[in-house]
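Structure, as structure tokens:
Only the coordinates and a few stated rules stand behind these numbers; no lab work does. All of these numbers come straight from a predicted model, not from anything done at the bench. With ideal geometry, Cβ positions are generated from the backbone for all residues, glycine too; neighbour counts draw on all protein chains shown.
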Amino acid sequence: MYFEQFYLGCLAHASYMAGSEGVAAVVDPQRDVDVYLEAARANGLRIEHVIETHLHADFVSGHRELAARTGARIYVGAQAGAQFPHVAVSQGDEIRFGQCLLRFLETPGHTLESICVLLTDVDRSPQPFALLTGDTLFIGDVGRPDLSPSHTPRQLAGLLYDSLHQKLLKLPDGVRVYPAHGAGSLCGRQMSSERSSTIGEQRVANYALRAATRDEFVHLIADTLPERPAYFARDAEINRTGAASLGDLPPLRELRPDALPRLQQSGAIVLDTRPDIQFGAGHVPGSVNIPLSGQFAAWAGALLGLETDLILVTENVAGAPESRMRLARVGIERVAGYLADGIRAWHTANQPIQPLPHITVQDLDRLRSEDAALQIADVRRPAEWEEGHIAGALLLPLNQIAAAIGQLDPVRPIAVHCKSGYRSAIAASLLLRAGFRQVVNVTGGFDAWKTARLPVAQVVLA
Ligand SMILES: [Fe+2]
């Protein structure tokens, strides 16, 4: 039997395909579905089943397009209220093709409709070898319980505890766990960078599974929640109806430099996806820099939302369709076009250029003693801050920066840093755009600060 994990680093998202005797099932497909069609072709398989473990909130799924292009049936938990033709699955339902047996477990908690899929290779053993856990169980974490409009996080956390203990932890230790997300995903907090594990390993190593009682688990999971990006609710609704096929999006328009100011005046934002050093050397005034190198789409969704018209400035020709595809994966479809020939065209047209200087951590250390007016913004998460930070820095987590910007003086100079430089590049561009006059980005972030053995302040607990 064939079994493959497809890992999409930009969204820390994992999807799966299982196949046997010419038939395949895909679980939790990403929006651009060509990868599955190509893998099916290469392995002599026909995709007949598409399974959604739940209505994903952090990305737009390709279930509907994949079904349309293959004739496959879509399977979703009975509680989903899905508004497309589907098979509503309940506890114990099965799909069998060739040597492949898929058995559904209803596992409410992350969301009400969440299901897990037990995978058995009947040729090898009558016992299941793998469990596709969706967002119910991650490697090192469990799914967040705050995505339901009808249930409180504490109610969902209680259901999640029951699903984990009455169903998942009843499975043999050797069953391999394959989740829908890995480290860096906004769907959990402390996921491991491992892409799979076993029930036995998670029983021991997963902090959430070690909670002694249901009450302790509920407290652990529901009483402190990570920030929930506004686009999550929209993406879940898009997935409930099923997104349009990517091929139906309008063609990506080439834009000349003289078109940009007019579009900007009518509300469009220039999204510059180049590396931060290139952005720093010169960019279209008012641009937001979210480099393609990191979790580009998730940050674009969280900071720009789905309703803003965007103009892309990319590093090269291939960067424009790549950026647009990644935006579409989280449901951002309002891309007005891209600057043809990139920043070079902007230079050639003699349009105004804005720089964003970079400084080293040694420069920052010197500046903070020389310039009493300097503000230092640390845009990491609170948990990172608690492990150590630069004395005098203000904690302004990037996902809350719009609300926190008022704590800063736009006239005084400001140095922005994060862990390694990705989030600070985004934050620094947002501050420049918001009218801050003297913004610098700290190269290498807090990692470089520690490597240089500069002084680290700790949070002192009272
Ligand atoms: Fe999820």
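Assorted remarks:
- The spacing between the stretch 359-436 and the stretch 437-462, judged by their C-alpha centroids, is 9 Å.
- Alpha carbon convex hull of the stretch 153-218, volume per residue in cubic angstrom: 89 Å³
- A simple charge model with +1 on the Cβ of Lys and Arg, -1 on the Cβ of Asp and Glu and nothing else charged puts the dipole of the chain at about 340 debye relative to its Cα centre.
- Annotation: extensible slack from GLU94 through LEU249 equals 52.2 nm (criterion: 0.36 nm per residue apart, minus Cα-Cα distance).
- Relative contact order of the stretch 249-348: 35 percent, from C-alpha pairs under 8 Å at least 6 residues apart in sequence.
- Note, ³J(HN,Hα) from phi for the stretch 231-247, Karplus 6.51, -1.76, 1.60, rounded to Hz, x at Gly and Pro: 6, 4, 5, 5, 4, 4, 5, 4, 5, 5, 8, x, 6, 5, 5, 4, x
- Taking amide H positions as modeled 1.01 Å from N, with prolines and chain starts lacking one, the residues under 5 Å from MET191 and 5 or more places away or on another chain are GLY184.
- Length gained on full extension, ARG256 to ALA452, computed as 0.36 nm times the residue gap minus the Cα-Cα distance: 66.1 nm.
- Secondary-structure-derived ellipticity at 222 nm for the chain, considering helices only, amounts to -8000 deg cm²/dmol, per-run term -39500 (n - 2.57) for DSSP H runs with n ≥ 4.
- Other-chain or far-sequence residues with amide H under 5 Å of LEU255's (modelled H): TYR338, LEU339, ALA340
- Applying 1/(1 + (r/R0)^6) with r as the Cβ-Cβ distance of HIS347 and MET325 and R0 = 22 angstrom yields a FRET efficiency of 0.25.
- Averaging the Cα positions of each part gives two centres, and for the stretch 273-326 and the stretch 329-357 these lie 9 Å apart.
- Calculated SAXS-style log₁₀ I(q)/I(0) at q = 0.16, 0.17, 0.18 Å⁻¹ - the stretch 269-389, Debye, Cα scatterers: -0.86, -0.93, -0.99
- Percent of C-alpha pairs per 10 Å bin in the chain, short distances first: 4, 19, 27, 24, 17, 8, 1, 0.
- Using R0 = 25 Å, the C-beta based FRET efficiency linking GLU237 and ALA402 works out to 0.65.
- Listed values for the stretch 94-103 are Karplus-derived 3J(HN,Hα) couplings in whole Hz (6.51 cos²θ - 1.76 cosθ + 1.60, θ = phi - 60°), namely 9, 10, 10, 8, x, 8, 9, 10, 10, 10, and x replaces Gly and Pro.
- Here the spin labels are modelled as points 7 Å beyond Cα on the Cα-Cβ line, and at VAL460 and GLN190 they lie 2.6 nm apart.
- Beta-bridge orientation, the stretch 369-462: approximately 10 percent antiparallel, per DSSP, counting only bridges with both partners inside.
- Rel. contact order, % - alpha carbon contacts under 8 angstrom, at least six apart, the chain: 12 percent
- 5 angstrom amide H check on ILE269, placed H, neighbours 5+ away: ASP309, LEU310, ILE311
- Applying 1/(1 + (r/R0)^6) with r as the Cβ-Cβ distance of ASP365 and ALA68 and R0 = 51 angstrom yields a FRET efficiency of 0.35.
- Inter-centroid distance (Cα atoms) of the stretch 81-130 relative to the stretch 189-233, Å: 22 Å
- Cα-only radius of gyration and Dmax that characterise the stretch 3-90, units Å: 12.3, 35
- Cα Rg, Dmax (largest Cα-Cα span) when computed across the stretch 313-353, Å: 11.8, 35
- 3J(HN,Hα) along the stretch 261-270: x, 5, 5, 4, 5, 8, x, 6, 10, 7 Hz, from the Karplus curve 6.51 cos²θ - 1.76 cosθ + 1.60 with θ = phi - 60°, whole Hz, x for Gly and Pro.
- Relative frequency of Cα-Cα separations exceeding 15 Å in the stretch 358-451, percent: 52 percent
- Taking every DSSP beta bridge that has both ends in the chain, the antiparallel portion is near 45%.
- Among beta bridges from DSSP that stay inside the stretch 249-348, the antiparallel ones total about 0%.
- Length-normalised contact order for the stretch 177-274 - Cα pairs under 8 Å, 6+ apart - percent: 14 percent
- Stokes-Einstein translational diffusion, the stretch 1-151 - Kirkwood Rh over all Cα pairs, 1.306 mPa s, 10 °C, in µm²/s: 103 µm²/s
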